[in-house]
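Here's the structure, in structure tokens; my notes come after.
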Amino acid sequence: MAAGTIDQLIINSPYKEPQEHWSYYRESRSFTRKPGRRPAGYVTATPGAKPFDDPGIFRELPLVNQIRPRVKTWREADYPGVSGVTKKLLAHWRDPEQRDHRRFFFCQLEAVETLIWLTEAAASERVGIAVPGDGGPFTRACTKMATGSGKTIVMSMVIAWHVLNKVTYPQDKRFSKNVFVVAPGLTVKSRLGVLIPGSAGNYYDQFNIVPMGLHDQMQQARIMVRNWHTLMPLDPDAGPKVMKKGPESDEAFTRRVLDDLAGAQNLLVINDEAHHAWRVPPKTSAKDIGKVELEEATQWVGGLDRIHKTRGILACYDLTATPFAPTGKKSGEETLFGWIVSDFGLNDAIESGLVKTPRVVVRDDGTLTKEYKSRLYHIYMDDEVRDDINRRAEPQESLPDLVQNAYYLLGKDWLETAKRWSDLGFKVPPVMITVANRTETSARIKYAFDRGKIRIEELCLPEKTLQIDSRVLDKAEAREEAPEIGEDAVGPAGEEETGQSGPKVSKKDQAELLRLTVDTVGQQGKPGEQIQNVISVGMLSEGWDAKTVTHIMGLRAFTSQLLCEQVVGRGLRRTSYDVNMASGLFEPEYVNIFGVPFTFLPHEGNGGAPPPPPPPKTEIKPLSEKAAFEITWPNVVRIDHEMRPKLELNTASVKPLLIDAAETRTLAELAPIVDGKPEVHMLSEINLQELGQKFRMQRIVFETARDIYDQMQPSWKGSREALLAQLIRLVERFIAADKIDITPPLFNQDPLRRRIVLTLNMNRIVQHIWEQIRFENTLALALVFDTEHPIRSTGDMRTSAPTLTSASTTAPGRHPSLTSSTRMRM
């Protein structure tokens, strides 16, 4: 590897804590591979530095770096202090035998473990840890996770943790089974339907999040998923004049927003893409930040404040890849949330192979900028381009020469990728996305492709090109989700359009079809299946999870690295999660980028071509046409022992129970500490003599019988009174038969000491007698079936990870999507 270059960005297993990282030396502008995990933090631009020459400033997240080692130590000690339910969940999530479908990533487990640690670990474990608030009345904790690292799975794990604990321990005030999830738009809201237990494709079943036998308890969860637009206050002027009302009260607001959850108290709130939910700094105006951002932040957090006032928010968990809020001081300047408790950023995700590797153009064979960089690196900053695309031009006006040149290069690269995918049997095409600065620019780009002016015929197909203005979709979502008074409003959005011929299609239906097409890009059998060219104004909607993006064109200003990460994040989702068996790592996948200036992002520079995209997969799933071959089997939760009506216990054949009194502490002596040393002449004593006097032998018999009764009664068919009477008799007989052997003999001879030892070892006595009774009295074994799914079949098995259907035939070191015809280096 050449000095300062990177030949392989993926160096960590996605399932283990990162062991290495690529470290950037800002003085030499080079990267080196260093052992250990990258400290939690982020890089900001150096004040006054030129964008191309800026080495950046690394800013640490001290709270996260303080919490990480504590959680690691706690994890390695097997999670001391957690409840039984939490312990069962953590063991289930980390059990490889339970993860046949797909193991959870390390970052997913760490995010959940951190929230659990903050809630359940002993106070002594958390000394010195103080999570700052956001200035509001309820507590927040943020888990920072890169796009594509699986935040929705983390949400489902958090919900299962809270709900199962609350159902099992109703008096435990740390948990809630009432969950309010807020989404940043209809796209995300629809995707978050998987958080509802029992819904089609829910994550609790799909990813085996809930252990066997606990699915019934999950049905007690009360979960509401809402778009943030529902938190907007009512417009008192909406509706007919006769129905105009004054401002909506907090109670009325809560009932409207929470709907079926309105009667619940102490809610668990989860904010998805929580970087939209921040408190506006004092004396900040729309001029300082932006009207849209200001309105959204105010209404999102303000709505939660009203809910907290009326119902109480127990805890609020924020999940986002970019937990920044504008400062209102300078354009493009942001401040990080102070309540971040865990961090797995974009570089961590790239080095673990969880996302595609962004490849940014760094040079070409044309004229360079005055900073000696490729003009394709940040196309918008070219003087000619910026002036041209910032004007109100007509669609038919030609794009700047540099933009057309860039599209030809990137389009040629896309074409080679498309051919390769087709040869390998892919049913969907790779996707190029454009992020434009304004609607007029978007229209010019669409016109250029539709008329074949880009000179890549295969990419210039109108039926496979999608033009979308994210702001228009956002407004449509606001109209659809915004609260109204009275009956449905009638207006232009609901009017039907009629043409000279053809069926009537309302604007609402058109908007819904557009949204559905956008949401299903690259998905077989869906409206967006064959889309290959997406032209957007502004960023594509969050939650847009197309996995087939291979090329990105940025034609707008990028005023911060945050914005770069948010835009590129739309193309980072992987198509495959197959591990290379030799290395134990994911194979790299790439997205090639023009115009998005990632200043501080490492890029591979080995001079060779990266591996080809993964070969197409065949999804293994039940087929309805093969239902006749379905195999069914009983879904057994446990096996109960059916006992004979009259219990017997042959004490002569019962094995003796051995108890070592030395393992039972009956006395402790304490001494004060002076100058670090105990004062032995000032001893005080704690002994259990009183325990032996209080627990007479008959009480020991009764309590032992009661504990055995608790284990037997669920499967007992006869009278419960008769069962308890028989157990008392059997326990008396067992203890009188001298089947309990205590060593040393002194404890057997002294009645008081014997009772103390028996009392302190009652659990062992119960288990021993119960096993003997069960061994001698079991008539039959009764199967207990899962009440929700008593019968399982091959027809309802989870869809397995796709398998390869063909092997790559690409020559070693050659990548079909990067050919000499592109004449560029990335």
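Quick notes on this one:
- Boolean, Arg706 is part of a helix (DSSP H, G or I), farther than 12 Å from Leu647 by Cβ, touching a helix residue (DSSP H, G or I) at 6+ places or on another chain (Cβ under 9 Å) and among the charged types (D, E, K, R): yes
- Qualifying residue in the stretch 395-410 (condition: among the charged types (D, E, K, R) and either at pLDDT 85 or above or farther than 25 Å from Pro597 by Cβ (or both)): yes
Conditions tested, residue by residue: (1) of a type in the set (A, V, I, L, M); (2) assigned to a helix (DSSP H, G or I); (3) at negative phi; (4) at pLDDT 90 or above.
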site: Gln220; (1), (2), (3), (4): no, no, yes, yes
site: Leu234; (1), (2), (3), (4): yes, no, yes, no
site: Val257; (1), (2), (3), (4): yes, yes, yes, yes
site: Gln265; (1), (2), (3), (4): no, no, yes, yes
site: Arg279; (1), (2), (3), (4): no, no, yes, no
site: Val301; (1), (2), (3), (4): yes, yes, yes, yes
site: Ile307; (1), (2), (3), (4): yes, yes, yes, yes
site: Leu319; (1), (2), (3), (4): yes, no, yes, yes
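- Tally of residues being assigned to a strand (DSSP E or B) and either at pLDDT below 90 or surrounded by 12 or more Cβ atoms within 10 Å (Cβ to Cβ) (or both) across the stretch 1-39: 11
- Leu804 being open to solvent by 80 Å² or more (accessible area, probe 1.4 Å), over 30 Å from Glu625 (Cα atoms) and at pLDDT below 75: no
- Every residue from the stretch 150-202 that is of a type in the set (S, T, N, Q), part of a loop (DSSP other than H, G, I, E, B) and closer than 25 Å to Ser83 by Cα: Gln171, Ser176
- Scanning the stretch 117-145 for residues being among the β-branched types (Val, Ile, Thr) and buried (at least 22 other Cβ atoms within 10 Å of the Cβ) gives a total of 1.
- Neighbours by Cβ (under 9 Å, 6+ apart or cross-chain): first from the stretch 443-470, without any contact (Cβ under 8 Å) to a residue 60 or more places away in the chain and open to solvent by 30 Å² or more (accessible area, probe 1.4 Å); second among the hydroxyl-bearing types (Ser, Thr, Tyr) and not in a helix (DSSP H, G or I): Asp450/Thr465; Lys453/Ser398
- Listed by first and then second residue, the pairs with beta-carbon distance under 6 Å, at least 6 apart or on different chains, first residue in the stretch 263-285 and within 12 Å of Ala325 (Cα to Cα) and acidic (Asp, Glu), second modelled with pLDDT under 85 and outside any loop (DSSP other than H, G, I, E, B), form an empty list.
- With respect to (1) farther than 29 Å from Arg126 by Cβ; (2) at pLDDT below 90, the lone exception for Asn347 is condition (1).
- Taken as a whole, the structure places Gln772 among residues that are of a type outside the set (A, V, I, L, M) and either within 22 Å of Ile659 (Cβ to Cβ) or not in a helix (DSSP H, G or I) (or both).
- Of the residues making up the stretch 416-427, just one is of a type in the set (A, V, I, L, M) and surrounded by fewer than 21 Cβ atoms within 10 Å (Cβ to Cβ), namely Leu424.
- For the stretch 408-465, a residue qualifies if it is more than 34 Å from the chain's Cα centre (by Cα), hydroxyl-bearing (Ser, Thr, Tyr) and within 14 Å of Ile535 (Cβ to Cβ), and the qualifying residues are Thr441, Tyr447.
- Here Asp741 fulfils each of the conditions (1) surrounded by fewer than 19 Cβ atoms within 10 Å (Cβ to Cβ); (2) in contact with a Leu (Cβ under 6 Å, 6 or more places away or on another chain); (3) at pLDDT below 60 apart from (3).
- Residues that are farther than 18 Å from Glu648 by Cα and assigned to a helix (DSSP H, G or I), drawn from the stretch 711-750: Pro714, Leu746, Phe747, Asn748, Gln749
- Checking Tyr203 against (1) open to solvent by 10 Å² or more (accessible area, probe 1.4 Å); (2) more than 15 Å from the chain's Cα centre (by Cα); (3) not charged (D, E, K, R), the condition it does not meet: (2)
- Check on Arg359, modelled with pLDDT under 90 and either buried (at least 20 other Cβ atoms within 10 Å of the Cβ) or closer than 30 Å to Pro14 by Cα (or both): yes
- Restricting the first member to the stretch 74-100 and to residues that are in contact (Cβ under 8 Å) with a residue 24 or more places away in the chain, and the second to residues that are in a loop (DSSP other than H, G, I, E, B) and among the charged types (D, E, K, R), the beta-carbon pairs closer than 8 Å and six or more apart or on different chains are Ser83/Asp172.
- For the stretch 558-605, the candidate set comprises residues that are of a type in the set (S, T, N, Q), in a loop (DSSP other than H, G, I, E, B) and at pLDDT 85 or above; within that set, the residue that is farthest from Asp413 (Cα to Cα) is Ser583.
- Looking only at the stretch 376-415, and only at residues there that are assigned to a helix (DSSP H, G or I), of a type in the set (D, E, K, R) and closer than 23 Å to His551 by Cα, the one that is most open to solvent (accessible area, probe 1.4 Å): Asp401
The values are calculated or read from the model by the stated rules, or taken from the named source; none is laboratory data. The model shown is predicted, which means the values in this text are computed figures rather than measured ones. So basically every Cβ, Gly included, is an ideal-geometry build from the backbone, and we count neighbours across all protein chains shown. Remember, those area values only see protein heavy atoms, side chains included, never the ligands or the DNA or RNA. Shrake-Rupley method; radii C 1.70, N 1.55, O 1.52, S 1.80 Å.
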